[in-house]
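Report on the structure given below.
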Amino acid sequence: MGIHETAELENITLAHGSSSPAVEIREYVTVHDSSIGSDSRIYERVSIKKSDIGESVDINANTYVENAQVGDRVQIGPNASVVGVTHDLTEEDMEHRNDVFEEIVIEPGAFVGASAVVLPDIHIGENAVIGANVTVTEDVPAGTVVRGTRE
């Protein structure tokens, strides 16, 4: 496994074994309470929390992933946010520091473009493509290409 010395890993499971291709984790990556499948590449300054990452996944630089199930062969572009945590909004205000976890599922073969934002409780279907700078606010069916804001 190629894990850079600056990576911070806490309570994680990495795929390993003589027949599994290595996991690559580059500079200044933070991963906790998560698993990463074999042959996956996690690029510079990525943060992954409370997520399961499949096999042969590429997560590009400066990306944030929390509370997500990421299938095999998924690619996530640089500067993307896959955030499966939110806060309840009351009539008075948003509840401060009271996280509500709503898992995101990204099916195998999907692509999430650069600077895309995937909001909580979203399901992205197999081989779907999310374009650069797209904000995904509802489920995306398998094989769909999304450009612009999905509402």
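The values are calculated or read from the model by the stated rules, or taken from the named source; none is laboratory data. Remember, predicted model here, so these are calculated numbers, not experimental data. Neighbour counts are summed over all protein chains in view; Cβ atoms, including those assigned to glycine, are modelled from backbone coordinates with ideal geometry.
Listed values, structure above:
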{"read-out": "Condition broken by GLU8, with the remaining ones in (1) over 20 Å from VAL136 (Cα atoms); (2) crowded, with 19+ Cβ neighbours inside 10 Å; (3) at pLDDT 95 or above satisfied", "value": "(2)"}
{"read-out": "Leading residue by the ranking (farthest from the chain's Cα centre (by Cα)) among those in the stretch 97-108 that are over 13 Å from ILE59 (Cβ atoms) and surrounded by 19 or more Cβ atoms within 10 Å (Cβ to Cβ)", "value": "GLU107"}
{"read-out": "Residue in the stretch 65-86 that is more than 30 Å from ARG147 (Cα to Cα) and of a type in the set (S, T, N, Q) present", "value": "no"}
{"read-out": "Breaking point among (1) out of contact with any His (no Cβ under 8 Å at 6 or more places or on another chain); (2) of a type outside the set (Ser, Thr, Tyr); (3) closer than 23 Å to VAL112 by Cα, for LEU89", "value": "(3)"}
{"read-out": "Of the criteria (1) touching a Pro at 6+ places or on another chain (Cβ under 8 Å); (2) surrounded by 17 or more Cβ atoms within 10 Å (Cβ to Cβ); (3) of a type outside the set (D, E, K, R), which one VAL85 fails", "value": "(2)"}
{"read-out": "Selection status of PRO120, touching a Lys or Arg at 6+ places or on another chain (Cβ under 8 Å) and either in contact (Cβ under 8 Å) with a residue 24 or more places away in the chain or within 19 Å of GLU66 (Cα to Cα) (or both)", "value": "no"}
{"read-out": "Hey, SER19 surrounded by fewer than 19 Cβ atoms within 10 Å (Cβ to Cβ) and modelled with pLDDT under 95 or not", "value": "yes"}
{"read-out": "Subset of the stretch 22-79 that is of a type in the set (S, T, N, Q) and over 21 Å from THR6 (Cα atoms) - its residue that is surrounded by the most Cβ atoms within 10 Å (Cβ to Cβ)", "value": "ASN67"}
{"read-out": "Residue in the stretch 34-53 that is within 17 Å of ILE122 (Cβ to Cβ) and out of contact with any Asp or Glu (no Cβ under 8 Å at 6 or more places or on another chain) present", "value": "yes"}
{"read-out": "Strands (runs of 3 or more DSSP E) within the stretch 42-151 that include 1 or more residues of a type in the set (A, V, I, L, M) and touching a Cys at 6+ places or on another chain (Cβ under 8 Å)", "value": "none"}
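Here's the yes/no breakdown for (1) without any contact (Cβ under 8 Å) to a residue 40 or more places away in the chain; (2) not charged (D, E, K, R):
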{"site": "ILE36", "(1), (2)": "yes, yes"}
{"site": "GLU55", "(1), (2)": "no, no"}
{"site": "ARG73", "(1), (2)": "yes, no"}
{"site": "LEU89", "(1), (2)": "yes, yes"}
